[in-house]
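Contents: one structure, followed by commentary.
The values are calculated or read from the model by the stated rules, or taken from the named source; none is laboratory data. Since we're looking at a predicted model, the values are computed, not measured. Reconstructed Cβ throughout: ideal geometry from the backbone, glycine too, with neighbour counts over all protein chains shown.
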Amino acid sequence: MDKKYVIGLDYGTDSVRALLVDAHSGAEVACSVSLYKRWAEGKYCNPEQSQFRQHPLDYIEGMEESVKDIVAKLNPEIVDNIVAMAIDTTGSTPGAVDETGTPLALLPGFEEDPDAMFVLWKDHTALKEADDINSLAKKWGIDYTKYSGGLYSSEWFWSKILHITKKNGAVAQKAFSWMEHCDWMPAFLTGNTNVLTVKRSRCAAGHKAMWHQEFNGLPSKEFLGTLHPDLAALRDRLYNDTYTTNEVMGNLSPEWAEKLGLPATVKIGIGAIDAHLGAVGTGIEAYSLVKVMGTSTCDMVVVPKQEFTGLVNGICGQVDGSIIPDMLGMEAGQSAFGDVYSWFKQILEFPMKEILAETLSKEQLKAASDAILPKLAEKAAQIPVTEHDLIALDWINGRRTPDVDLTKKGVIAGITLGTSAPHIFKALVEATAFGSKAIMDRFIDQGVAIKQVIALGGISKKSAYVMQTLANILNVPIKVATSEQACALGSAMFAAVIGGVYQDIAQAQQAMSSGYDAEYLPQAEKAAIYKKLYQRYLTLGNQ
């Protein structure tokens, strides 16, 4: 049997990762990560206004750098047997494009305009527009938010487009259409950038753009035109049909095949959102709750369509085929998880940056900074868990689910003169875990059984304290996926399907899964106390 290889291209918040995988064994042959250079410099962003934009050149240059890096490490026999590439990106991360599918930021006059760039998933500048969409949806004859958990978010496709359309006339006038990053990247690599015919991701459209078969596609022109006249015209330049991730976008274009050193026969798959393919990479199956744990969380469940016909309120959507083709994919998540800990770390870094920076070397400052969270976790783990502990709310970046409300704020309640930094850190870790429990309980309360919990992402690997606290608060075992590249591995699995190595994604998962390398079991005594503390969390959140 000839060896076949596939590439999973994983676009995260800070970088792009190219992973070359043996399609038969799932072995990770080579990996390369490229940081977004402009993003790393903080360009085009304004955190105080929750504005986070990314330049398409970061995506292009990062892809080229990471793929060429792994190709350079390979012998020609392996390169010749690379059969397919699949791509995941953050989402909803839409960008305005012209008639040729070119992002406006690549055109003269728009190179430095943040509104002409891709609007990153965590951009919250469209809060008012999300409110307008929700208000209109509840008065309309059809509730277009019904499959989006009943509420539409400022983090999603239409809110961001409406905000920029109202704010920036030049961009609105030049924008022939809009594309999610996970749609644009495969189109770009194949050269099939006709926005009227390019295949759009079912995953992004269903979870972020209110697309559903019941609506014959996207919301109607009448609905969108009521929000803004330009949106009615835009509707004709978008799409009705969507495609699941096991389908082919096209072949790698001759231009990019030559640039990357890959065969022109390499197939490029339909794109999807990173967390959803991370769930695939961990081996998600029916009634698994998969938690992608990083700066934020994304929680996914898949259910056989014939076994669930209801609606789960307050989540980020339920979409036929968005994660596993022919299964109902459900998404929820938290707007901040690791970001909560990073915020507290930044608070504690103040004297280092403002007072000690002149007396300590950069290496010493970095070493001290890197030690903050591990030391906090060590000390917090030594603090007994009692019914009278501090209670915090994890909503420092708003609440994504359940019941999206990105105007929500974080709270720490019960501080005294005896409260230490480890006490506060403990409360923050527990708050993020309570937020996770609220999501799991919402699924269960509305008829979706949870048979197992699987974790992936940086936090699941780096912090045993966080993971043990989470197991205690959820009061279920949590398995941690072995692969540190689960999103890229999920993309590689779909690449193996579109490359003809496997008939379906289930076969690819069985052959290519990395398995699990850790499991956290709930500690009964602490779980009982956390059950009571969780009620205090809910009470505080309802005030």
Filtered residues of the range 251-282 (kept if over 23 Å from Ala72 (Cα atoms) and charged (D, E, K, R)): Asp274
Would you please list the contacts, defined by Cβ atoms under 8 Å and residues six or more apart or on different chains, that run from a residue in the range 531-543 that is surrounded by fewer than 17 Cβ atoms within 10 Å (Cβ to Cβ) to a residue that is charged (D, E, K, R)? Lys532/Glu387
Answer yes or no: is there a residue in the range 88-107 that is of a type outside the set (Ser, Thr, Tyr), more than 30 Å from Gly169 (Cβ to Cβ) and out of contact with any Phe, Trp or Tyr (no Cβ under 8 Å at 6 or more places or on another chain). no
Would you check if there is a residue in the range 128-148 being within 30 Å of Met493 (Cα to Cα), part of a loop (DSSP other than H, G, I, E, B) and at pLDDT below 95? no
Quick one: is Ser153 modelled with pLDDT under 95, out of contact with any His (no Cβ under 8 Å at 6 or more places or on another chain), of a type outside the set (Lys, Arg) and assigned by TED's automatic domain parsing to the domain that holds Leu260? yes
How many of the residues making up the range 221-246 are crowded, with 16+ Cβ neighbours inside 10 Å, in contact (Cβ under 8 Å) with a residue 60 or more places away in the chain and not β-branched (Val, Ile, Thr)? 9
Residues Glu387, Glu430, Glu378: which one is of a type in the set (Asp, Glu), in contact (Cβ under 8 Å) with a residue 12 or more places away in the chain and surrounded by 13 or more Cβ atoms within 10 Å (Cβ to Cβ)? Glu430
Somewhere in the range 301-322, is a residue charged (D, E, K, R), without any contact (Cβ under 8 Å) to a residue 40 or more places away in the chain and not in a loop (DSSP other than H, G, I, E, B)? yes
Output for Cβ contacts, cut-off 9 Å, separation at least six or different chains, first residue in the same structural domain as Ala170 (by TED's automatic domain parsing) in the range 90-116, second surrounded by fewer than 16 Cβ atoms within 10 Å (Cβ to Cβ) and among the polar types (S, T, N, Q), reads Glu99/Asn194; Thr100/Asn194; Gly101/Asn194; Pro114/Asn46
Need pairs with beta-carbon distance below 9 Å; first residue assigned by TED's automatic domain parsing to the domain that holds Gly410 and within the range 344-368, second in a loop (DSSP other than H, G, I, E, B) and among the charged types (D, E, K, R); sequence gap 6+ or separate chains. Leu365/Glu349; Ala368/Glu349
Might you let me know whether the range 358-371 holds any residue that is surrounded by 22 or more Cβ atoms within 10 Å (Cβ to Cβ) and within 24 Å of Ala433 (Cβ to Cβ)? no
Somewhere in the range 19-35, is a residue surrounded by fewer than 21 Cβ atoms within 10 Å (Cβ to Cβ), among the hydrophobic types (A, V, I, L, M, F, W, C) and farther than 20 Å from Val501 by Cβ? yes
Would you mention how many residues in the range 367-409 are more than 28 Å from the chain's Cα centre (by Cα) and of a type outside the set (Val, Ile, Thr)? 13
The one condition in (1) assigned to a loop (DSSP other than H, G, I, E, B); (2) among the hydroxyl-bearing types (Ser, Thr, Tyr); (3) modelled with pLDDT of 95 or more that Ser491 fails to fulfil: (1)
Looking at the range 461-486 only, could you name the residues that are in a helix (DSSP H, G or I), modelled with pLDDT under 95 and crowded, with 19+ Cβ neighbours inside 10 Å? Ala486
Selection count, the range 165-176, where residues are buried (at least 22 other Cβ atoms within 10 Å of the Cβ) and touching a Phe, Trp or Tyr at 6+ places or on another chain (Cβ under 9 Å): 0
Quick check on Pro402: is it touching a helix residue (DSSP H, G or I) at 6+ places or on another chain (Cβ under 8 Å), in a loop (DSSP other than H, G, I, E, B) and assigned by TED's automatic domain parsing to the domain that holds Tyr537? yes
Residue hits (the range 499-543; under 30 Å from Val21 (Cβ atoms) and assigned to a helix (DSSP H, G or I)) are Ile505, Ala506, Gln507, Ala508, Gln509, Gln510, Ala511, Met512
Considering residues of the range 193-209 that are modelled with pLDDT of 95 or more and in contact with a helix residue (DSSP H, G or I) (Cβ under 6 Å, 6 or more places away or on another chain) only, the residue surrounded by the fewest Cβ atoms within 10 Å (Cβ to Cβ): Val198
Could we say that Pro254 is within 14 Å of Trp158 (Cα to Cα), out of contact with any Leu (no Cβ under 6 Å at 6 or more places or on another chain) and assigned by TED's automatic domain parsing to the domain that holds Val16 here? no
Residues Asp274, Asp299: which one is surrounded by 24 or more Cβ atoms within 10 Å (Cβ to Cβ), of a type in the set (Asp, Glu) and closer than 12 Å to Cys203 by Cβ? Asp274
Scanning the range 43-64 for residues that are closer than 25 Å to Ile161 by Cα and more than 20 Å from the chain's Cα centre (by Cα), which turns out modelled with the lowest pLDDT? Glu48
